[in-house]
Structures are given as C-alpha cells and as structure tokens.
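Chemist: Can you keep this structure in mind? I'll have questions shortly.
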Amino acid sequence: MIQMNSRLLVIDNSGAIVAQCIKVLKSAKWASLGDEIVVSIKSARTATDTTLANKVKKGDVRRALIVRTKKEIARPDGRFIKFDDNACVLLNSQGQPIGSRILGLVSRELREKNWIKVVSLAPKVI
C-alpha cells in the first residue's frame with residue numbers, strides 16, 4: 001500500500017533511482033499493484049560524458065506505475081505474494097514507460113490490469 005510520502009525504487013533505465021509519492025491517482029488514500037501515482041524524483045544517476053541520455057533528473061515530477069509492494073496481495077487460488085521492496089516504473093504523459101528496460105521482477109497482476117507493455121519489458125513475471 002503506497003500513500004503520500006512513500007518512497008519507491010525506480011526499476012527502469014530512465015535514470016531515476018528513488019522516487020517519492022506525492023499523489024495517488026484514484027479516489028482512495030493508498031495505491032496498490034497496477035495503480036498510477038504521481039512521484040517526485042528524489043535521487044537520479046549523474047550524467048557523465050558517456051551517459052548523457054538520462055531522461056529524468058532530481059526534482060522532476062512524473063507519473064509512475066506501481067509494480068512491486070511490500071504489502072501482501074491475495075491471489076484467487078488462495079496464495080499470498082509480497083516483495084522485499086516497493087518499486088515503480090516511470091510513465092510519460094501517454095501512459096507508456098519512459099525507460100526501454102525494466103530491471104527486476106514484476107507482478108502478474110499487471111497483466112490483468114492491461115499493462116501489457118510493462119509486462120513485455122520485464123525479464124520475469126511472478
């Protein structure tokens with residue numbers, strides 16, 4: 001469950017490392033897997049002469065999709081799944097991922113919520 005001021009890892013190659021939730025984009029107090037939020041970038045990779053292609057910098061405000069949460073999620077078959085961290089993927093204004101790669105696992109619930117582009121970029125879906 002992600003609420004205002006929650007910190008999340010950014011697991012794509014957009015250049016951001018840590019983001020902080022500043023708004024939940026639905027009529028609830030918290031967001032869960034597959035929900036969109038508005039984040040502020042708290043730390044980003046530094047731009048060196050070889051990697052000038054960082055797409056975000058510290059202080060940027062972007063939309064993000066939650067792909068992993070510490071809070072357990074109940075599956076229809078009775079199992080519960082939870083992750084070690086809270087993680088997100090940054091999105092552009094059209095709802096497409098900013099990065100071209102996703103580093104790490106994502107949850108299967110994203111496929112059920114029609115985030116097919118994010119699922120196809122992920123190396124493993126749990």
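Chemist: Charges at C-beta only: +1 for Lys and Arg, -1 for Asp and Glu. How large is the resulting dipole of segment 1-97 about its Cα centre, in Debye rounded to 20?
Modeler: Its charge dipole is roughly 260 debye.
Chemist: With unit charges on the beta carbons (Lys and Arg positive, Asp and Glu negative) and the dipole taken about the Cα centre of the chain, which residue among 97, 3, 107 sits farthest to the positive side?
Modeler: 3
Chemist: Can you tell me which of 110, 25, 33 moves the most in a GNM of the chain? Springs connect C-alpha atoms under 10 Å apart.
Modeler: 25
Chemist: Follow-up question, since we're still on this one. Counting other Cβ atoms within 10 Å of each Cβ, which GluC sites (Glu not before Pro) in segment 25-120 have at most 14 and sit in a DSSP loop?
Modeler: Here the sparse-neighbourhood loop sites are 72.
Chemist: Given (i) 15.1; (ii) 14.6; (iii) 21.3 as candidate values of Kirkwood radius over Cα pairs in Å, which corresponds to the one derived from the coordinates?
Modeler: Matching entry in (i) 15.1; (ii) 14.6; (iii) 21.3: (ii).
Chemist: Can you work out ³J(HN,Hα) from phi for every residue in segment 73-81, in order, using Karplus 6.51 cos²θ - 1.76 cosθ + 1.60 and θ = phi - 60°, giving whole Hz and x for Gly and Pro?
Modeler: 10, 7, 9, x, 7, x, 7, 10, 10
Chemist: While we're looking at this one, here's another question. Can you tell me which of 12, 60, 77 moves the most in a GNM of the chain? Springs connect C-alpha atoms under 10 Å apart.
Modeler: It is 77.
Chemist: Rank 106, 18, 89 by mean-square fluctuation in a GNM of the chain with C-alpha springs under 10 angstrom and give only the top-ranked residue.
Modeler: Evaluated over the chain, the most mobile residue of the options is 18.
Chemist: DSSP loop trypsin sites (Lys or Arg not before Pro) in segment 2-42 with at most 10 other Cβ atoms within 10 Å of their Cβ, which ones?
Modeler: 29
Chemist: Tell me which residues come under 5 Å, amide H to amide H, from residue 31 once H is placed; ignore anything under 5 positions away on its chain.
Modeler: 2, 3
Chemist: From the backbone phi of segment 35-40, what are the Karplus-calculated ³J(HN,Hα) couplings (6.51 cos²θ - 1.76 cosθ + 1.60, θ = phi - 60°) in whole Hz, Gly and Pro given as x?
Modeler: After applying 6.51 cos²θ - 1.76 cosθ + 1.60, I find 9, 8, 9, 9, 10, 10 Hz.
Chemist: Could I ask something else about it? If amide H atoms are built 1.01 Å from N in the plane of the peptide, which residues on other chains or at least 5 residues away come under 5 Å of the amide H of residue 43?
Modeler: Here the answer is 17, 18, since their amide H atoms fall under 5 Å of that of residue 43.
Chemist: Calculate one ³J(HN,Hα) per residue across segment 23-30 by plugging θ = phi - 60° into the Karplus curve 6.51 cos²θ - 1.76 cosθ + 1.60, and present them in order as whole Hz with x for glycine and proline.
Modeler: 7, 9, 8, 7, 8, 10, 7, 9
Chemist: List the residues whose amide H sits under 5 Å from the amide H of residue 12, counting only those 5 or more places along or on another chain, with H placed 1.01 Å from N in the peptide plane.
Modeler: Residues meeting the criterion, in which the H sits 1.01 Å from N, are 90, 103.
Chemist: Loop only per DSSP, at most 11 neighbouring Cβ atoms within 10 Å: give me the trypsin sites (Lys or Arg not before Pro) in segment 45-126, ordered by residue number.
Modeler: 79, 82
Every read-out reported here was derived from the displayed coordinates using simple, explicitly stated rules and does not represent laboratory data. Note that the structure is predicted; figures quoted are calculated from it, not measured. Cβ: placed from backbone, ideal geometry, glycine included. Neighbour counts: every protein chain shown.
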